[in-house]
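Working notes, structure below.
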Amino acid sequence: MEVLDIIRPENKVFSKSGLMTDCALTFCPGCGHGTAHNLTMEVIDELGIGDDTIGVAPVGCSVFAYDFMNVDMTQAAHGRAPAVATGIVRTWPEKYVFTYKGDGDLAAIGTAETIHACNRGENMVIIFVNNGIYGMTGGQMAPTTLSGMRTSTSPYGRDIDTMGSPIKMSELIANLPGTYYVTRQAVHTHKHARQAKKALKTAFQNTRLKKGLSFVEIIANCNSGWKMTPNDSNIWMEENMFPYFPLGDIKVNGTLK
Amino acid sequence: MKGNEAIAEAAIRAGADAYFGYPITPQSEVIEYLMTERPEERTGMVVLQAESEVAAINMVYGAASAGKRVLTSSSSPGISLKLEGISYMAGAELPGVIVNVVRGGPGLGTIQPSQADYFQAVKGGGHGDYKLYVLAPSSVQEMSDFVGDAFDIAFKYRAPVMILSDGLIGQMMEKVELRPQKERLTDDEVAEKYGSWALTGKKGREHNIITSLYLDPEQMEQKVRKLMKKYDQMEREDMRYETFQTEDADYLIVAYGSSARIAQKSIELARNKGIKVGLLRPITLFPFPKQPLLELADQVKGILSVELNAGQMVEDVRLSTEFKVPVEHFGRTGGIIHTPEEILEALEQKIIKDGSVRHHKTREQSIF
C-alpha cells in the first residue's frame, strides 16, 4: 500500500474521538494517558452525553485534560477533585460528572476526598490512572509505587518497613457501600483498551441510572518515570504491576466479586 | 435569633443553591440550623456536611464552577484549611461566599471571640497575588443582610467574598428583620445567565474551562493584572464604611465588627467627660476606607485602632492616614472582650496624654 492509499478515507482504521480537541497531547510518547483520555471521550461521545458532561481535571500529568477533552471542565487543587465533583453533581444532579486522577492525586493527597466521595456514593465516575510514580514532578515515589521500585525519592528502592506498602485503592473503596462499580483495567494493548472502554461505558451508564459511584482504575506505564522504552515499560508493567494490582472487576452492581 | 442562625436563614432567603461545611465552634449553629430547616424542601437548596473544611471549600469551588450560588462557613483554624481553596477560587475567578466566625489563635487557640484573623482575611491568607472582598458585620442584622450582599458582590466580580464575623456576633441574640425569599435560579436560568463561563454543559457552544493554571509567564502576568483591575474596581465602587459622631471629633476610634459596637459606648462615656471622640467603622475591610481616614486625619489629634487582637488593622490605619497623626492600637486577646471603660482609658493614656509625641509602644504594652 502506497502512502497516498493509506490516507484515503476508505482505508482509515482509527481516528480520535470527536470529543478530543485538536490540541496536541502533552504526554510523553508511549504513555497510557492519551489512550485513557481518548477512550473516556469515545464513551461519552457514543453515549451521546457530551453536552451534559462536566469533567474535573486533577494536578499531575493529566492536569491539562481540559485542553484535550472537549467537554465542560474544571481544574481542581491537588487531590480535591472528588470534593469539587461533589459540589458539581449535588447542584447539577442531572449532569454526568467525572474526575480523572493520577495515583498521587487520588491515593496520597486526596485520599480523604476519594474515600468520602465513595462512601457517600456520589453519582459520578472516578477514573484513576495508576502508574506507580509521580510523572509530572519528575519521577518521585507514589503511594502505589511497588516494593523495591526505584524512584527519585526512593533511590534505593521502596522500603516497605519505612515507606509503607503500595496502597490498593480499588480494593479499599470497593468495601464501602457507596461504591456501585469498581474495576481495574489497562490500556496498553488493543485487547486491554477494548476491555477498558467497556468498563468506562458501564461506569457512565451507571451514572445515567443514578446508581452511585463508579470507579475505574487503569494501570498504566510511565516509560519516562520508570526510565524504560515504551515497549519495555509495558512488559515490566505486565510482569510487575499486574501481579500486585490484578486486572478485572472488583465490584459489580454493588456486589463484591 | 443568633448571629449564626441569621446567616443560615439569610442564605436560604438569598436563593443559595448549596451550603457545604464542617462543624467547628463557635459557628456550628450555621449547619445545624440549615440541617434542621430542611432547605431542600423549602427552596431546593443543598446542604452537605463535608469530611473536612478542605473538602467543603472544594465543594464550593465545584458548585461555583458550575455557576451556582454557594457558601461555606467556618471558624479560624477551619479557615486556615480553606485558604488553599480560596486562593484557587480567586485564581479561577469563581464566585462564592465564605463566612469566618473568628475565634482566638494561633493554633487551636480558644473557642472565645477574637478579631485576630484580620491579616488572614485582608492580606491574602492563601498563596499568590489576590485579595478577598471582606465584609465585617457588627450586628445580627448585618449577619443576615451581608449574606445577600456578599452573593451580589461575588457574582458582580466573579470572586470569592468573605464575611468576617466573630464568636461574639455569631453567638449573640438580637432581633432581625429578614429579607424576603429570593427565588433560586433554575438550571436553565443558570445556563443562560452564566453559560458564557460556567460549566453548565456545552450544548450549543464551545466547551468552557475553569482553571487557575497558566504556565506561560506572559499569560500568568495578564491574569494577575486582570485580578488587580477587579480589586481596583472594588475600591472605586464597593468600599463601605460608616462614621459616628465624627463631625466635631478631636479624637477618632477606628473599629470594626463587635469592637465597633463596644467603642460606641466608649464614645458616649468620653463625651460625658467632655472629650470629643468619633468612630469610623470600616464595613469592608478590603476595600479599606483609606480616603475617609486620610481626610479625618487632618481633623483629629490622634487615632486609636480598637481590635480584639494584638494589633493588625492598626497597620492599615497608619498607612491610610500617612502618619499625619499618632495612631495607636488597643485590644484584648485570648477571648477577653474589652469593656467600653477600658477603651476610654486606653484612649486617654495612649492618645490624649502622650499622643503629641510620636512613638510606638512595644507590642506587649499595646495590648494592655
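Miscellaneous remarks
- Against the list (1) within 30 Å of B:D129 (Cα to Cα); (2) touching an Asp or Glu at 6+ places or on another chain (Cβ under 8 Å); (3) touching a residue at least 60 places away in the same chain (Cβ under 8 Å), the condition B:V277 fails is (1).
- Every listed requirement among (1) buried (at least 24 other Cβ atoms within 10 Å of the Cβ); (2) closer than 30 Å to A:N223 by Cβ; (3) not basic (K, R) is met by A:M124 save one, (2).
This table checks each residue for (1) within 10 Å of chain A (Cβ to nearest Cβ); (2) within 19 Å of the chain's Cα centre (by Cα).
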| site | (1), (2) |
| --- | --- |
| B:N4 | no, yes |
| B:V47 | yes, no |
| B:E53 | no, yes |
| B:G78 | no, yes |
| B:K82 | no, yes |
| B:V102 | no, yes |
| B:G109 | no, no |
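- Residues (surrounded by 19 or more Cβ atoms within 10 Å (Cβ to Cβ) and assigned to a helix (DSSP H, G or I)) located in the stretch B:14-41: B:E29, B:V30, B:I31, B:Y33, B:L34, B:P39
- Top-ranked residue of the stretch A:213-244 - restricted to ones that are in a helix (DSSP H, G or I) and among the charged types (D, E, K, R), ranked as surrounded by the fewest Cβ atoms within 10 Å (Cβ to Cβ): A:E239
- Only listed residue being more than 16 Å from the chain's Cα centre (by Cα) and in contact (Cβ under 8 Å) with a residue 24 or more places away in the chain, chosen from A:G32, A:G55, A:G50: A:G50
- Test: residue in the stretch A:6-26 that is outside any loop (DSSP other than H, G, I, E, B), within 9 Å of chain B (Cβ to nearest Cβ) and touching a helix residue (DSSP H, G or I) at 6+ places or on another chain (Cβ under 6 Å): no
- One residue stands out among those in the stretch B:55-76 that are more than 8 Å from chain A (Cβ to nearest Cβ), among the polar types (S, T, N, Q) and in contact (Cβ under 8 Å) with a residue 60 or more places away in the chain: the one that is surrounded by the most Cβ atoms within 10 Å (Cβ to Cβ), which is B:S73.
- Criterion violated by A:K210 - all others in (1) among the charged types (D, E, K, R); (2) assigned to a helix (DSSP H, G or I); (3) surrounded by fewer than 16 Cβ atoms within 10 Å (Cβ to Cβ) satisfied: (2)
- Test: residue in the stretch A:66-83 that is within 18 Å of B:V190 (Cα to Cα), part of a loop (DSSP other than H, G, I, E, B), of a type in the set (A, V, I, L, M) and modelled with pLDDT of 95 or more: yes
Quick grid of which residues meet (1) among the hydrophobic types (A, V, I, L, M, F, W, C); (2) within 14 Å of another protein chain (Cβ to nearest Cβ):
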{"position": "A:W92", "(1), (2)": "yes, yes"}
{"position": "A:T99", "(1), (2)": "no, yes"}
{"position": "A:G110", "(1), (2)": "no, yes"}
{"position": "A:T114", "(1), (2)": "no, yes"}
{"position": "A:C118", "(1), (2)": "yes, yes"}
{"position": "A:G139", "(1), (2)": "no, no"}
{"position": "A:S154", "(1), (2)": "no, no"}
{"position": "A:I160", "(1), (2)": "yes, no"}
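- Residue match in the stretch A:184-204 (condition: surrounded by 14 or more Cβ atoms within 10 Å (Cβ to Cβ), within 23 Å of A:H116 (Cα to Cα) and touching a Gly at 6+ places or on another chain (Cβ under 7 Å)): yes
- Candidates A:E46, A:E113, A:E10: the one that is buried (at least 23 other Cβ atoms within 10 Å of the Cβ) and acidic (D, E) is A:E113.
- Failed item in (1) more than 20 Å from B:Q115 (Cβ to Cβ); (2) touching a strand residue (DSSP E or B) at 6+ places or on another chain (Cβ under 6 Å), with B:N272 passing the rest: (2)
- The criterion of at least 1 residues that are within 14 Å of chain A (Cβ to nearest Cβ) and surrounded by fewer than 20 Cβ atoms within 10 Å (Cβ to Cβ) is met, among helices (runs of 4 or more DSSP H) falling completely within the stretch B:125-230, by B:187-194.
- A count restricted to the stretch B:132-154 and to residues that are in contact with a Phe, Trp or Tyr (Cβ under 8 Å, 6 or more places away or on another chain) and of a type in the set (F, W, Y) stands at 1.
- Residue that is surrounded by the fewest Cβ atoms within 10 Å (Cβ to Cβ) [pool: residues in the stretch B:328-359 that are modelled with pLDDT of 95 or more and among the acidic types (D, E)]: B:E341
- Checklist (1) part of a strand (DSSP E or B); (2) within 14 Å of another protein chain (Cβ to nearest Cβ); (3) under 22 Å from B:K123 (Cβ atoms) applied to B:L94, failing item: (1)
- Every residue from the stretch A:58-88 that is in contact (Cβ under 8 Å) with a residue 24 or more places away in the chain and at the interface with another protein chain (Cβ under 7 Å from one of its Cβ atoms): A:V63, A:N70, A:V71, A:R80, A:A83, A:V84, A:A85, A:T86, A:I88
- For the stretch B:1-30, a residue qualifies if it is closer than 21 Å to B:G105 by Cα and of a type in the set (S, T, Y), and the qualifying residues are B:Y22, B:T25, B:S28.
- Any hit, the stretch B:245-255, residues being small (G, A, S) and outside any loop (DSSP other than H, G, I, E, B): no
- Taking the conditions (1) among the basic types (K, R); (2) more than 27 Å from A:M20 (Cα to Cα); (3) touching a helix residue (DSSP H, G or I) at 6+ places or on another chain (Cβ under 7 Å) in turn, B:R225 satisfies each one other than (3).
- Count of the stretch A:107-154 residues which are closer than 17 Å to B:A56 by Cα and part of a helix (DSSP H, G or I): 11
The values are calculated or read from the model by the stated rules, or taken from the named source; none is laboratory data. Predicted model only: the values in this text are computed from it and were never measured. Cβ: placed from backbone, ideal geometry, glycine included. Neighbour counts: every protein chain shown.
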